[in-house]
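Q: Sharing a structure here in C-alpha coordinates format.
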Amino acid sequence: MLETIISVCLGIGLAASAGFRVFVPLFVLSLATHFGFVPVGDSFVWIGSLTAIICLGIATIVEILGYYIPYIDNLLDTLAVPLAGIAGTVVMASTLVDLDPMITWGLAIIAGGGTATAINSATAVTRATSTVTTGGIGNHLVSTTETATASFVSVLAIFLPIVAFIVVILIIFVGIRLFKRFFVSKK
(Lines give C-alpha, C1' and ligand atoms only; values in the text may rest on other atoms or scores of the structure.)
Protein backbone atom coordinates (compact mmCIF):
# COMPACT_ATOMS: atom_id res chain seq x y z
CA MET A 1 0.00 0.00 0.00
CA LEU A 2 2.81 2.43 0.90
CA GLU A 3 4.55 1.68 -2.41
CA THR A 4 1.33 2.54 -4.27
CA ILE A 5 0.97 5.85 -2.42
CA ILE A 6 4.60 6.72 -3.15
CA SER A 7 4.21 5.83 -6.84
CA VAL A 8 1.06 7.98 -7.08
CA CYS A 9 2.88 10.91 -5.44
CA LEU A 10 5.83 10.37 -7.79
CA GLY A 11 3.52 10.30 -10.81
CA ILE A 12 1.63 13.42 -9.79
CA GLY A 13 4.88 15.28 -9.12
CA LEU A 14 6.20 14.40 -12.56
CA ALA A 15 2.84 15.14 -14.19
CA ALA A 16 2.74 18.59 -12.59
CA SER A 17 6.24 19.21 -13.93
CA ALA A 18 4.96 18.29 -17.41
CA GLY A 19 2.55 21.18 -17.01
CA PHE A 20 5.51 23.56 -16.82
CA ARG A 21 7.76 21.86 -19.39
CA VAL A 22 6.68 18.81 -21.37
CA PHE A 23 10.07 17.15 -21.75
CA VAL A 24 11.83 17.97 -18.46
CA PRO A 25 10.00 15.36 -16.35
CA LEU A 26 10.26 12.77 -19.11
CA PHE A 27 14.02 13.35 -19.30
CA VAL A 28 14.41 13.23 -15.50
CA LEU A 29 12.33 10.04 -15.35
CA SER A 30 14.44 8.57 -18.15
CA LEU A 31 17.65 9.24 -16.24
CA ALA A 32 16.19 8.01 -12.95
CA THR A 33 14.98 4.80 -14.58
CA HIS A 34 18.28 4.23 -16.37
CA PHE A 35 20.24 4.56 -13.11
CA GLY A 36 17.79 2.42 -11.14
CA PHE A 37 16.21 5.08 -8.92
CA VAL A 38 12.68 4.53 -10.22
CA PRO A 39 11.06 1.25 -11.20
CA VAL A 40 8.64 1.49 -14.10
CA GLY A 41 6.03 -0.86 -15.49
CA ASP A 42 7.10 -3.51 -17.97
CA SER A 43 5.70 -1.61 -20.93
CA PHE A 44 7.69 1.51 -19.96
CA VAL A 45 11.17 -0.02 -19.64
CA TRP A 46 12.10 1.76 -22.89
CA ILE A 47 12.13 5.10 -21.05
CA GLY A 48 15.37 4.12 -19.30
CA SER A 49 17.19 3.24 -22.52
CA LEU A 50 20.17 5.23 -23.77
CA THR A 51 18.22 6.09 -26.93
CA ALA A 52 15.38 7.56 -24.84
CA ILE A 53 17.83 9.54 -22.70
CA ILE A 54 19.46 11.07 -25.79
CA CYS A 55 16.17 11.85 -27.56
CA LEU A 56 14.50 13.27 -24.46
CA GLY A 57 17.64 15.23 -23.58
CA ILE A 58 17.70 16.88 -26.99
CA ALA A 59 13.96 17.55 -26.86
CA THR A 60 14.36 19.10 -23.40
CA ILE A 61 17.11 21.46 -24.55
CA VAL A 62 15.17 22.49 -27.67
CA GLU A 63 12.00 23.08 -25.64
CA ILE A 64 13.77 25.17 -23.00
CA LEU A 65 15.56 27.29 -25.60
CA GLY A 66 12.37 27.69 -27.65
CA TYR A 67 10.65 29.39 -24.73
CA TYR A 68 13.24 32.19 -24.87
CA ILE A 69 12.40 33.14 -28.46
CA PRO A 70 9.66 35.80 -28.73
CA TYR A 71 6.45 34.61 -30.41
CA ILE A 72 7.80 31.05 -30.54
CA ASP A 73 7.13 30.87 -26.79
CA ASN A 74 3.44 31.61 -27.36
CA LEU A 75 3.31 29.08 -30.20
CA LEU A 76 4.91 26.47 -27.92
CA ASP A 77 2.27 27.21 -25.28
CA THR A 78 -0.43 26.43 -27.84
CA LEU A 79 1.22 23.13 -28.75
CA ALA A 80 2.07 22.27 -25.15
CA VAL A 81 -1.50 22.08 -23.83
CA PRO A 82 -2.35 18.72 -25.43
CA LEU A 83 1.27 17.51 -25.21
CA ALA A 84 1.41 18.24 -21.48
CA GLY A 85 -1.71 16.13 -20.95
CA ILE A 86 -0.14 13.26 -22.86
CA ALA A 87 3.19 13.59 -21.04
CA GLY A 88 1.42 13.78 -17.67
CA THR A 89 -0.53 10.64 -18.50
CA VAL A 90 2.61 8.78 -19.62
CA VAL A 91 4.74 9.67 -16.59
CA MET A 92 1.90 8.80 -14.23
CA ALA A 93 1.17 5.47 -15.94
CA SER A 94 4.85 4.53 -16.04
CA THR A 95 5.30 4.96 -12.29
CA LEU A 96 2.23 2.93 -11.28
CA VAL A 97 3.80 -0.51 -11.00
CA ASP A 98 1.83 -3.63 -10.00
CA LEU A 99 -1.63 -2.10 -10.31
CA ASP A 100 -4.54 -3.34 -12.37
CA PRO A 101 -4.33 -1.75 -15.86
CA MET A 102 -7.80 -0.22 -15.45
CA ILE A 103 -6.73 1.55 -12.26
CA THR A 104 -3.34 2.50 -13.73
CA TRP A 105 -4.79 4.14 -16.84
CA GLY A 106 -7.73 5.68 -14.99
CA LEU A 107 -5.37 7.36 -12.52
CA ALA A 108 -2.92 8.24 -15.26
CA ILE A 109 -5.52 10.00 -17.40
CA ILE A 110 -7.39 11.73 -14.59
CA ALA A 111 -4.64 12.54 -12.09
CA GLY A 112 -1.61 12.66 -14.39
CA GLY A 113 -3.08 14.15 -17.54
CA GLY A 114 -5.48 16.36 -15.59
CA THR A 115 -2.75 17.82 -13.37
CA ALA A 116 -0.43 18.48 -16.29
CA THR A 117 -3.16 20.07 -18.41
CA ALA A 118 -4.43 22.28 -15.58
CA ILE A 119 -0.95 23.57 -14.77
CA ASN A 120 -0.05 24.03 -18.43
CA SER A 121 -3.25 25.98 -19.08
CA ALA A 122 -2.41 28.27 -16.17
CA THR A 123 1.14 28.84 -17.42
CA ALA A 124 -0.19 29.63 -20.91
CA VAL A 125 -2.48 32.29 -19.41
CA THR A 126 0.46 33.65 -17.41
CA ARG A 127 2.62 33.93 -20.53
CA ALA A 128 -0.20 35.52 -22.53
CA THR A 129 -0.73 38.05 -19.76
CA SER A 130 3.01 38.74 -19.65
CA THR A 131 3.07 39.22 -23.42
CA VAL A 132 0.19 41.70 -23.31
CA THR A 133 1.34 43.66 -20.26
CA THR A 134 5.10 43.76 -20.94
CA GLY A 135 5.18 43.43 -24.71
CA GLY A 136 6.93 40.10 -24.27
CA ILE A 137 9.85 41.50 -22.26
CA GLY A 138 8.67 39.70 -19.10
CA ASN A 139 8.35 36.34 -20.87
CA HIS A 140 11.99 35.47 -20.16
CA LEU A 141 11.28 35.65 -16.44
CA VAL A 142 8.18 33.48 -16.89
CA SER A 143 10.20 30.95 -18.94
CA THR A 144 13.00 30.78 -16.41
CA THR A 145 10.55 30.31 -13.54
CA GLU A 146 8.68 27.55 -15.38
CA THR A 147 11.88 25.69 -16.28
CA ALA A 148 13.24 25.98 -12.75
CA THR A 149 9.95 24.80 -11.26
CA ALA A 150 9.70 21.85 -13.67
CA SER A 151 13.28 20.83 -12.90
CA PHE A 152 12.94 21.24 -9.14
CA VAL A 153 9.62 19.38 -8.85
CA SER A 154 10.83 16.59 -11.18
CA VAL A 155 13.96 15.93 -9.14
CA LEU A 156 12.01 16.29 -5.88
CA ALA A 157 9.46 13.75 -7.15
CA ILE A 158 12.22 11.22 -7.84
CA PHE A 159 13.88 11.49 -4.43
CA LEU A 160 11.07 12.74 -2.13
CA PRO A 161 7.77 11.93 -3.85
CA ILE A 162 5.50 12.71 -0.90
CA VAL A 163 7.16 16.12 -0.45
CA ALA A 164 6.79 16.72 -4.20
CA PHE A 165 3.08 15.90 -3.94
CA ILE A 166 2.71 18.48 -1.15
CA VAL A 167 4.61 21.05 -3.24
CA VAL A 168 2.24 20.36 -6.17
CA ILE A 169 -0.77 20.91 -3.91
CA LEU A 170 0.77 24.21 -2.75
CA ILE A 171 1.47 25.28 -6.35
CA ILE A 172 -2.14 24.57 -7.30
CA PHE A 173 -3.46 26.36 -4.21
CA VAL A 174 -1.30 29.44 -4.85
CA GLY A 175 -2.23 29.37 -8.54
CA ILE A 176 -5.94 29.36 -7.74
CA ARG A 177 -5.50 32.22 -5.27
CA LEU A 178 -3.53 34.28 -7.79
CA PHE A 179 -6.06 33.55 -10.53
CA LYS A 180 -8.92 34.71 -8.33
CA ARG A 181 -7.00 37.80 -7.30
CA PHE A 182 -6.07 38.96 -10.79
CA PHE A 183 -8.73 37.53 -13.11
CA VAL A 184 -11.95 37.25 -11.15
CA SER A 185 -13.66 40.57 -10.73
CA LYS A 186 -14.49 41.62 -7.19
CA LYS A 187 -18.14 42.21 -6.46
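Q: Consider Val167 against the criteria (1) in a loop (DSSP other than H, G, I, E, B); (2) at pLDDT 95 or above: it satisfies all of them except one. Which criterion is unmet?
A: The single condition Val167 does not satisfy is (1).
Q: Report, by residue number, each residue of the stretch 84-104 that is part of a helix (DSSP H, G or I) and surrounded by 17 or more Cβ atoms within 10 Å (Cβ to Cβ).
A: Ala84, Gly85, Ala87, Gly88, Thr89, Val90, Val91, Met92, Ala93, Ser94, Thr95, Thr104
Q: Scan the stretch 107-121 and tell me whether some residue there is exposed (fewer than 14 other Cβ atoms within 10 Å of the Cβ) and part of a helix (DSSP H, G or I).
A: For the stretch 107-121, residues exposed (fewer than 14 other Cβ atoms within 10 Å of the Cβ) and part of a helix (DSSP H, G or I): present.
Q: A follow-up question, please. Just to check your reading of the model, which residue among Val8, Val28 is crowded, with 20+ Cβ neighbours inside 10 Å, in contact with a Phe, Trp or Tyr (Cβ under 9 Å, 6 or more places away or on another chain) and of a type outside the set (Gly, Ala, Ser)?
A: Unique residue meeting the criteria: Val8.
Q: Same structure, new question: Within the set of pairs 6+ apart or on separate chains, which have a first residue in the stretch 92-111 that is free of Cβ contacts under 8 Å to residues at least 60 places away in the same chain, a second that is surrounded by 15 or more Cβ atoms within 10 Å (Cβ to Cβ), and C-beta atoms under 6 Å apart?
A: Final answer for the pair search is Ile109/Thr89.
Q: Do we find a residue being within 18 Å of the chain's Cα centre (by Cα) and under 15 Å from Phe23 (Cα atoms) anywhere in the stretch 121-141?
A: no
Q: While we're here: If Ile169 passes every condition in (1) more than 16 Å from Gly88 (Cα to Cα); (2) open to solvent by 70 Å² or more (accessible area, probe 1.4 Å) but one, which one does it miss?
A: All conditions pass for Ile169, except number (1).
Q: Quick one: in the stretch 34-51, which of the residues that are closer than 20 Å to Gly113 by Cβ and within 19 Å of the chain's Cα centre (by Cα) is surrounded by the fewest Cβ atoms within 10 Å (Cβ to Cβ)?
A: Within the stretch 34-51, the match that is surrounded by the fewest Cβ atoms within 10 Å (Cβ to Cβ) is Phe44.
Q: Here is a further query. Looking at Ala150, is it surrounded by 18 or more Cβ atoms within 10 Å (Cβ to Cβ), at pLDDT 90 or above and small (Gly, Ala, Ser)?
A: Answer is yes for this residue.
Q: From the list Val22, Val81, which one is of a type in the set (Val, Ile, Thr), under 19 Å from Ala124 (Cβ atoms) and crowded, with 23+ Cβ neighbours inside 10 Å?
A: Of Val22, Val81, the one residue that is of a type in the set (Val, Ile, Thr), under 19 Å from Ala124 (Cβ atoms) and crowded, with 23+ Cβ neighbours inside 10 Å is Val22.
Q: Additional query: Quick check on the stretch 122-147: of everything there that is over 21 Å from Ile172 (Cβ atoms) and in contact (Cβ under 8 Å) with a residue 24 or more places away in the chain, which residue is surrounded by the most Cβ atoms within 10 Å (Cβ to Cβ)?
A: My answer is Asn139.
Q: Just one of the numbered conditions (1) open to solvent by 20 Å² or more (accessible area, probe 1.4 Å); (2) in contact (Cβ under 8 Å) with a residue 24 or more places away in the chain is not true of Leu65; which one?
A: (2) is the only condition that Leu65 fails.
Q: Quick one: which residue in Ile61, Ile12, Ile53 is at pLDDT 95 or above and either under 13 Å from Leu96 (Cα atoms) or in contact with a strand residue (DSSP E or B) (Cβ under 8 Å, 6 or more places away or on another chain) (or both)?
A: So the residue among Ile61, Ile12, Ile53 that is at pLDDT 95 or above and either under 13 Å from Leu96 (Cα atoms) or in contact with a strand residue (DSSP E or B) (Cβ under 8 Å, 6 or more places away or on another chain) (or both) is Ile12.
The values are calculated or read from the model by the stated rules, or taken from the named source; none is laboratory data. Computed from a predicted structure; not experimentally measured. Positions of Cβ are generated from backbone atoms using ideal geometry, with glycine treated the same way; all protein chains shown enter the neighbour counts. Calculation scope for accessible area: heavy atoms of the full protein, side chains included, ligands and nucleic acids excluded. Shrake-Rupley method; radii C 1.70, N 1.55, O 1.52, S 1.80 Å.
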